Amino acid sequence: MASSIFLVALLLIPVFSIATIAYAQDGMRKTTSKGTLDILLEQTWKENSSATFNVSFLNPGTDTLHEHQDYDFRILKDGTEVFSTAKQTGQSLIHNAAGTITVPYTFQENGDYTIQVYLAGTGIVPTIPTDEEATFPITVTPEFPAGAIGAVAAVVTGVLILARRFKR
């Protein structure tokens, strides 16, 4: 009997180890608020609430990269900025020459967030000011790890087997 209880306890461990997963649509694309560029946001999520955001600045209505933007990539929670690439580098804006950027970030808590790609201007000095943005909603939620579903099934099976043994 002690070994059966130990087995059930061992099977319950993965069930109670909940991981946090973040969700957003893959490959979200939006036009900036004044129509200057299209922004393509692609993300890769990991179980520890960290994400890598790949941002492409595109000529409107095309898949052609637009070179040279002054921008900031921001993450907002409930309208409050929790991350800014420009502030991470001690600048008010960042200049991008290639047309793509990659931004890693680890979320500290669950909830609804907004990714804001702020476009201050385009071109090389003199920059053409635009003062516009594209925003993308994302949600970070707790979820069972993939192995937890199997663990739950194993626990239920184990409990049913133990219940039958004790009924006899």
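Restricting attention to the range 83-105, the residues that are free of Cβ contacts under 8 Å to residues at least 24 places away in the same chain and among the hydrophobic types (A, V, I, L, M, F, W, C) total 2.
Scanning the range 39-50 for residues that are touching a residue at least 60 places away in the same chain (Cβ under 8 Å) and either of a type outside the set (Asp, Glu) or part of a strand (DSSP E or B) (or both) yields a count of 4.
When the range 74-117 is filtered for residues that are outside any loop (DSSP other than H, G, I, E, B) and more than 18 Å from the chain's Cα centre (by Cα), the ones remaining, listed by number, are Ala86, Lys87, Gln88, Ile94, His95, Asn96. Among the criteria (1) in contact (Cβ under 8 Å) with a residue 40 or more places away in the chain; (2) in a strand (DSSP E or B), the one Ile124 does not fulfil is (2). In the range 138-168, of all residues being of a type in the set (Val, Ile, Thr) and surrounded by fewer than 16 Cβ atoms within 10 Å (Cβ to Cβ), the one that is modelled with the lowest pLDDT corresponds to Ile149. Is at least one residue of the range 7-20 more than 24 Å from Thr127 (Cβ to Cβ) and modelled with pLDDT of 95 or more? No, because not a single residue in the range 7-20 is more than 24 Å from Thr127 (Cβ to Cβ) and modelled with pLDDT of 95 or more.
Checking each residue in the range 39-61 for being modelled with pLDDT of 95 or more, under 13 Å from Tyr105 (Cα atoms) and either of a type in the set (Lys, Arg) or surrounded by 18 or more Cβ atoms within 10 Å (Cβ to Cβ) (or both) picks out only Phe53. Scanning the range 62-113 for residues that are surrounded by fewer than 17 Cβ atoms within 10 Å (Cβ to Cβ) and among the β-branched types (Val, Ile, Thr) returns Thr62, Thr64, Thr80, Val82, Thr89, Thr100, Thr102, Thr106. I'd like to know if the range 118-137 contains one or more residues that are in contact with a helix residue (DSSP H, G or I) (Cβ under 9 Å, 6 or more places away or on another chain), surrounded by 19 or more Cβ atoms within 10 Å (Cβ to Cβ), of a type outside the set (S, T, N, Q) and at negative phi. The answer is yes; a qualifying residue exists. Of all residues in the range 55-81, those satisfying the criterion of being β-branched (Val, Ile, Thr) and touching a residue at least 12 places away in the same chain (Cβ under 8 Å) are Val55, Thr62, Ile75. When Tyr118 is tested against (1) under 20 Å from Lys30 (Cα atoms); (2) in contact with a Ser or Thr (Cβ under 8 Å, 6 or more places away or on another chain); (3) not basic (Lys, Arg), exactly one condition is not met: (2).
The values are calculated or read from the model by the stated rules, or taken from the named source; none is laboratory data. The structure presented is a predicted model; accordingly, all values stated were derived computationally and were not measured. Methodologically, a virtual Cβ is constructed for each residue, glycine included, from the backbone with ideal geometry; neighbour enumeration extends over all protein chains shown.
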